[in-house]
Every structure is written in C-alpha cells, then in structure tokens.
1. Obtain the nm distance between the two label points defined at residue 85 and residue 339 by a simple spin-label model: each point lies 7 Å from its Cα along the Cα-to-C-beta direction.
2. Give me the number: length gained by fully extending residue 285 to residue 356, i.e. 0.36 nm times residue separation minus the C-alpha to C-alpha distance, one decimal in nm.
3. Assuming 0.36 nm per residue, please report the length gained on full extension of the stretch residue 295 to residue 2 beyond their Cα-Cα distance.
4. Rounded to the nearest 5, what % of DSSP beta bridges with both residues in the chain are antiparallel?
5. Does the stretch 1-104 come out rounded, prolate or oblate by the C-alpha gyration tensor, with a ≥ b ≥ c the root eigenvalues, rounded set by a/c under 1.5 and, if not, prolate when a/b is larger than b/c and oblate if not?
6. Could you please rank 142, 294, placing first whichever residue has the fewest other Cβ atoms within 10 Å of its Cβ?
7. For residue 104 and residue 316, FRET efficiency with R0 = 45 Å and r from the beta-carbon atoms, rounded to 0.05?
8. What FRET efficiency comes out for residue 51 versus residue 181 if R0 is 35 angstrom and r is the Cβ-Cβ distance? Round to the nearest 0.05.
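Each value in this text was obtained by applying a stated rule to the coordinates, not by laboratory testing. Everything numeric in this text was worked out from a predicted model, so none of it was measured. Glycine gets a Cβ as well: all are built from the backbone with ideal geometry, and neighbour counts include every protein chain shown.
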C-alpha cells in the first residue's frame with residue numbers, strides 16, 4: 001500500500017479542500033500518514049496570495065527532498081494553477097495540479113501513476129455551480145471548514161486569486177447540507193463557512209443568510225462561524241441574527257486593506273473608508289462582545305506617509321480587535337505589478353507599527369471580557385494539565401483540569417491574561 005502525506009499552506013478554504021482530498025484516499029489503496037512520516041507521495045496544497053507563500057512552497061519542497069528523498073511530490077492548488085513552469089523545475093516534483101482538478105487527485109494519480117518528469121494538469125476553471133463529493137472531516141480539530149463558494153469577480157489590483165481560482169461560483173445549495181450533516185455526524189460541533197468571496201453566494205435564489213438559517217436546524221451543530229467576508233457583501237440582517245440566541249458566532253473578519261480612500265481606489269476596492277467604518281461601528285454597537293478582525297496591506301504602491309497615517313489612525317479608532325498585516329509584494333498577474341514598489345525597509349517599519357497596534361487592541365478586547373462567563377469549545381489537551389479552546393467570539397482560553405475536555409462546550413469564567421490567551425476556570429453546574 002502506497003503511503004501518502006499532505007501539507008496545507010494558506011487559507012481556510014485550502015484547509016477544507018485538503019481535508020476532502022485526504023479523505024478521498026481512504027478507499028483508494030493508499031495509506032494516509034503524517035507529514036513528518038516517510039511516505040511515497042507528498043501532496044502540498046499551495047498558496048500564492050503573497051510572495052512569502054511562493055517562497056514557502058519552494059522551501060518545503062527542498063525540505064521534503066532532504067528528509068524524505070524517495071518521495072515524489074505533487075503540488076496542487078493556486079500556485080500550481082498559475083506558476084506551472086516555475087514549479088516544474090523543482091526537484092522530485094512529479095505532478096502540478098491546478099484548482100480545476102485538485103479535488104480529483106485520485107484519478108489524476110491513476111492517469112499518471114509513475115511520471116519521470118512533472119506532469120502538468122491545470123485546465124481552465126469552468127464557471128458553474130459545484131458539489132463536493134467527499135466531506136471535509138478533520139480528525140485533528142474540533143472545528144471543520146465547509147466550502148460554500150469559490151472564485152472571485154472583484155479583480156482587486158493587488159490580487160491574482162481570480163486568475164488562480166477562477167470567477168465566482170457557488171456550491172449547489174442542497175449539497176452544502178449533505179456535507180454539514182456528515183461533519184456533525186463525525187463529531188464536529190462548529191462549522192466554519194469558507195470560500196474566496198462567500199458573501200456573493202447565490203444558488204437557486206439562496207444567499208449566505210439562507211445557508212446560516214438552515215444550518216440552525218441541524219441537530220448536534222452548536223456553532224456556525226463565518227470566515228473572512230468582503231464588507232460590501234454582508235447583509236446587516238446578520239447583526240440581529242447574532243443577537244437572537246442563534247448558533248451564529250459573534251465574530252466577523254472583514255478585510256480593510258487600506259484606511260485611505262485614494263489607496264482604496266487604486267486597489268479597486270468596492271467601498272469607501274466611511275462605508276467600512278459605518279459597518280464596523282454598527283456591528284460593534286448591535287452585537288455585544290463581538291470580535292471584529294481585519295486584513296491590511298502595508299506598502300501598496302504610492303502609499304505615502306500620510307496615507308499610512310490615516311490607515312493607522314482608522315485602525316486605532318475603530319472597534320476592530322486584531323488585524324492581519326500583510327507586507328505588499330507584487331504578484332505575477334495582478335495589475336499592480338506594473339506599479340513602482342516601495343523600499344522594503346519602509347514597508348517593514350510600517351508593518352511593525354501596525355502589528356504592535358494589533359497586539360495592544362487584542363489585549364484591550366481581552367481585558368474587556370475579564371470576569372465574564374464564556375462558552376468554550378475545547379480542543380485536544382496539551383498533556384500538561386492545561387486545556388484550551390475558543391469562545392464563539394474567537395478568544396483563546398485555557399483552563400486547568402484533570403479531565404479530558406476535548407470537543408466539549410463548557411462555561412468558563414475568564415480570570416486573567418497570559419500573553420495571547422485568557423486563563424479561566426470552569427464554572428461548576430453550568
């Protein structure tokens with residue numbers, strides 16, 4: 001029996017797809033093993049959002065060749081879709097499989113069982129509703145990512161994802177709930193709705209809110225979480241829904257990218273600073289203890305000191321509790337690659353300023369929760385007596401307990417802060 005292992009770079013959508021791909025090998029004459037174990041085939045699900053993602057793939061390929069020299073390597077996903085020639089030259093890479101075929105990996109391996117050189121399988125991505133035949137059961141985590149949408153029509157100037165993932169398309173509505181039922185039956189109590197631009201979901205006149213409402217009826221499902229979502233695509237109906245005792249988590253991750261209207265226009269974003277600010281303030285005002293996160297790109301071409309200062313001031317003032325900071329890097333196909341880039345030392349300095357601000361804002365949010373009782377979904381114990389998990393508003397909490405709390409949702413009183421984690425104590429008798 002051939003041994004096969006998997007490694008995933010990038011977003012929750014990649015994680016969901018890797019789980020489905022891995023599960024498709026269970027009945028196919030392969031033994032799935034851990035990535036750090038000897039294997040005959042190593043599958044790397046790639047990311048190409050940033051230059052760092054490209055470099056990570058190359059580094060990992062060389063690491064596999066050093067530690068597992070007999071393995072043949074399959075590179076799948078976004079980087080494989082648009083960088084075929086560059087990847088084909090890497091040692092021991094035998095399959096380069098784009099997004100159109102990566103979910104059909106078993107069949108591709110059967111078509112090209114023992115290639116001596118890199119086989120490129122990256123056809124154009126068709127724009128049509130899709131289904132997922134294999135559930136993305138994740139045996140390592142309490143939460144499962146469920147793919148509801150793929151692709152994007154927005155074509156922001158800094159981004160090449162529409163080229164790597166194709167145009168926006170939605171999953172067949174009924175097919176979502178088949179997988180959701182399978183994930184809950186496998187023990188998952190929280191489902192994270194994922195995609196490239198999930199707010200644009202549309203199938204049979206159904207929207208993202210229709211998905212969220214129908215998942216409410218799924219027995220055994222305690223939580224539904226929305227992954228990253230574009231600010232112009234969210235119905236404000238969602239605020240009331242979070243407040244009415246449903247299983248939708250009090251959490252939103254809404255990419256900002258820049259806090260300056262001139263830069264937003266250069267990026268071809270579809271909102272103004274004012275529109276973004278109004279939405280975030282309304283969410284914070286209507287949903288008690290909601291956690292709001294964002295993404296921001298530092299060093300976009302033509303970003304002046306004044307542009308950056310306006311971004312920093314906005315992030316400081318808005319009720320946003322953490323941000324992922326990305327240093328701008330030109331992508332191979334994105335339109336902004338033709339614009340003049342900024343000095344790397346300027347980008348690094350500005351990025352550090354925002355990362356430190358994010359740490360301070362996260363701590364302030366954590367301090368505001370001290371003394372409250374939050375429901376925590378616990379993950380695998382660490383073996384030192386401490387067990388940790390996540391609240392519905394995306395706060396990591398740890399408690400001391402001699403019992404295995406894995407996959408239980410329990411009330412915890414939040415006591416004090418330890419770095420990025422809040423220390424709490426279990427509340428007895430609920």
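1. Result: 2.6 nm between the two label points.
2. So the chain would gain 23.0 nm between residue 285 and residue 356.
3. Contour length minus Cα-Cα distance gives 101.4 nm.
4. About 35 percent, rounded to the nearest 5.
5. Taking the square roots of the gyration eigenvalues as a ≥ b ≥ c, the stretch 1-104 is oblate.
6. Starting with the residue having the fewest Cβ neighbours, the order is 142, 294.
7. 0.45
8. 0.30
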